[in-house]
Amino acid sequence: MASGGPVLVPVAVGLVALVAGVLLWQRDGAKHEVSAAPTPPDRQVRPLRSWVIPVGVVLVGVVTWAAVTWLQGSVPTVGDQVERAKVRIESIRAALTIGAAVTAAFALLLAFRRQQLAERTQQATEYDAGEKRVTELYVKAADQLGSDKAPVRLAGLYALERLAQDNPIHRQSIVEVICAYLRMPYTPPDDLPIPTPTTPPPAGDPDPTAPTAITGDSDKPAVELREERQVRLAAQRILARHLRPTTPEGDPHPLYWGPKVTLDLTEAVLIDLDLNRCYLHNTTFTKTHFTGDTRFALATFDGDAEFAGARFSGDAWFLGARFSGDATFSGVTFSGHAMFDMVTFDGAAGFHTATFNGYAQFIDAAFNGRAEFDTATFNGYAGFDRATFDGLAVFDRATFDGYAGFVRMTFSGPAWFHTATFSGDAGFGEATFSGFAGFGEATFRGDAWFAEATFSGDASFVGAAFSGDAKFDRATFSGTASFDGTTLGGVRYDGPGPTAK
């Protein structure tokens, strides 16, 4: 048994190394978001209990005594007395070695704790210094945004962009500052020409009563508006640059700031906004004024999208956009063309009292939730060809001054066109109405085509007025079709209606 001591020593050392390795692995295993800024301390280190060291000393003594007792009891009783004495001495040495190893392990753990405290203190110091530096840069950039000089304001914007890029934890705050800047009152210059200063009179003009020449100061407001336009365009480009999750080639974008960045641009004035392919989370554009052309093509609106009361002075492009939550366009005004081709609304789509002064195109659009266009006004062409409405579709009291195209549309739920007014031609050819189709008291001043339309549910044209031709050729009515009180060509009609054709 004399060899038992040398065997126990490496075992004890191995256990100590294993414990230290596990502690180091747990400490370094935490994942942090990649950032150039110092990270906050990982966790709070609790104070060492006052009884830990006395208990550790007692534990070392107990282990040493137990090792001595066990090894002394293992000494063989046979053999020469001198040999037995040597074995006892060796066993005592082995026991003391074990006690020393336990003491070293305890000391190692205490040293590890001291190192951990020192590193945490250093980390906290660096973090505080980093936060102080970030705050100073943040305040300085914010002060630059308040400058009356456009180049200084531009420098402030780019300083904020760099600060957000290096400090992910501050990105939302910086985005809010940029959005707040864009919400500040602003009147676009409308591309008015800058006034040309009048040529000053020649030197020595003998007429002292001659009018004073106009100086260059007269165009200062126009110049300032144009300078501010450039600053706002830069702010918009900064937001767009960091809201695109992928590059045009489809690769992850290195400048993307993450999917949880929210925009609040309520009552902002936005100029030629380009958010194509951007990922927008819970975005608010309530009463926003969009000047120039606005682009949201292939954009993803995660969460709710608020456009209530917004004004689009130019064309609005939403081609291929996707709205995963509710989309509110109540009271919105489109002065130019509104392009919603191939757009997808997964939630409710509300266009209450919306005004479309140009083309309104919802061709191949998909409305997976409720779609409400009640009291909407379409002053130009309205195209809904091949669009699909899976939920309730409401066009009550809607006004169509131009051509209204609903060709080959699919209404899976109820479709309401009660008291709608079609001043131009209306095309519902090959449309499919799987639910109730309500055209009660609707007014068709132009021609109305329902040729080859399919009405799987009940259809009501009660009180509808057709001033032009009403084409129901090869239309199919599987449910009840009501045409009581319908006016065809100025003549009231109460018979079975066009289903007889």
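Nothing in this text is a laboratory measurement; each read-out follows from the coordinates by a stated rule. Note that the structure is predicted; figures quoted are calculated from it, not measured. Here Cβ is always computed from backbone atoms with ideal geometry, including for glycine, and neighbour counts include all displayed protein chains.
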Inset, instruction - Quick one: which residues, 5+ away or cross-chain, put their amide H under 5 Å from the amide H of Thr443? H built at 1.01 Å from N. - result: Ala420, Thr421, Phe422, Ala465
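Under a point-charge model restricted to the Cβ atoms of Lys and Arg (+1) and Asp and Glu (-1), what is the dipole moment magnitude of region 262-500 relative to its Cα centre, in debye to the nearest 20?
Dipole size: approximately 180 debye.
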Inset, instruction - Please list the non-local residues whose amide H lies under 5 Å from the amide H of Ala431, H modeled 1.01 Å from N, same-chain partners needing a gap of 5 or more. - result: Arg408, Met409, Ala453, Thr454
Inset, instruction - Please report, in whole Å, how far the alpha carbons of region 262-500 spread along each principal axis, starting with the longest. - result: 57, 27, 20
Inset, instruction - Can you tell me which of 465-474, 397-406, 148-157, 267-276 comes out highest on packing, and rank the rest after it, using the mean Cβ neighbours within 10 Å? - result: 397-406, 267-276, 465-474, 148-157
Inset, instruction - Mind checking which of Gly347, Phe472, Thr291 is farthest towards the positive end of region 262-500's charge dipole, using Cβ charges of +1 (Lys, Arg) and -1 (Asp, Glu) about the Cα centre? - result: Phe472
Legend entry - Phi-based couplings in Hz for region 354-370 (Karplus 6.51, -1.76, 1.60; Gly and Pro marked x): 6, 10, 10, 8, x, 5, 10, 10, 10, 5, 6, 6, 10, 9, 7, x, 6
Inset, instruction - Find the relative contact order for region 418-464 and round it to a whole percent, using C-alpha pairs within less than 8 Å whose residues are 6+ positions apart. - result: 46 percent
Legend entry - Rounded Å value of the spacing that divides the Cα centres of region 175-189 and region 339-368: 28 Å
Inset, instruction - Please name whichever of Phe356, Ile271, Ala453 sits farthest to the positive end of the charge dipole of region 262-500, dipole taken about the Cα centre and charges placed at Cβ: Lys and Arg +1, Asp and Glu -1. - result: Ala453
